Amino acid sequence: QVQLVESGGGLVQPGGSLRLSCVASRRIVSINAMGWYRQAPGKQRELVAVLRSGGSINYADSVKGRFTISRGDASNTVYLQMNNLTPDDTALYYCNVRALPYTYWGQGTQVTVSS
């Protein structure tokens with residue numbers, strides 16, 4: 001059983017930065033995509049950023065130019081660098097790994113942007 005563990009969330013002031021990390025408990029074979037989702041209170045979970053095995057990357061329009069997804073040297077690690085955070089970025093952030101037919105989710109790390 002693969003577990004994804006996120007870290008790096010916290011409370012930050014508007015305009016600040018955070019770096020989220022996601023580490024898998026063991027090497028995952030044949031990863032199709034690694035990504036980050038978020039869910040704010042009362043809202044549906046939404047895609048923030050995804051990095052596919054071929055190297056393509058997609059971002060939600062709301063985070064383009066501010067967030068950067070990257071994969072660590074260890075193939076089971078993915079990061080999300082978040083800059084110029086706003087209160088609208090407040091949410092529980094989830095790591096997601098797809099290695100079809102399997103999909104793995106982390107438990108989430110809370111990001112709160114508030115002054």
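The values are calculated or read from the model by the stated rules, or taken from the named source; none is laboratory data. It should be emphasised that the depicted structure is a prediction, and the values quoted were computed from it without experimental measurement. Here Cβ is always computed from backbone atoms with ideal geometry, including for glycine, and neighbour counts include all displayed protein chains. Side chains included, ligands, DNA and RNA excluded: accessible areas come from the protein's heavy atoms. Shrake-Rupley method; radii C 1.70, N 1.55, O 1.52, S 1.80 Å.
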- Message: Quick test for you: out of V111, V29, V97, V48, pick the one residue that is part of a loop (DSSP other than H, G, I, E, B), of a type in the set (A, V, I, L, M, F, W, C) and out of contact with any Ser or Thr (no Cβ under 6 Å at 6 or more places or on another chain).
- Response: V29
- Can you spot a residue in the range 64-76 that is touching a residue at least 40 places away in the same chain (Cβ under 8 Å), in contact with a strand residue (DSSP E or B) (Cβ under 9 Å, 6 or more places away or on another chain) and either part of a strand (DSSP E or B) or of a type in the set (F, W, Y) (or both)? no
- Item | Residue tally, condition part of a strand (DSSP E or B) and within 16 Å of the chain's Cα centre (by Cα), over the range 1-19 | 7
- When the range 85-115 is examined, which residues are found to be open to solvent by less than 30 Å² (accessible area, probe 1.4 Å) and of a type in the set (A, V, I, L, M)? L85, A91, V97, A99, V111, V113
- Task: Kindly indicate which of R38, R45, R26 is surrounded by fewer than 19 Cβ atoms within 10 Å (Cβ to Cβ), in contact with a strand residue (DSSP E or B) (Cβ under 8 Å, 6 or more places away or on another chain) and of a type in the set (D, E, K, R).
- Result: R45
- Message: Here are the criteria: (1) part of a loop (DSSP other than H, G, I, E, B); (2) in contact with a strand residue (DSSP E or B) (Cβ under 8 Å, 6 or more places away or on another chain). Tell me which single one N84 does not satisfy.
- Response: (2)
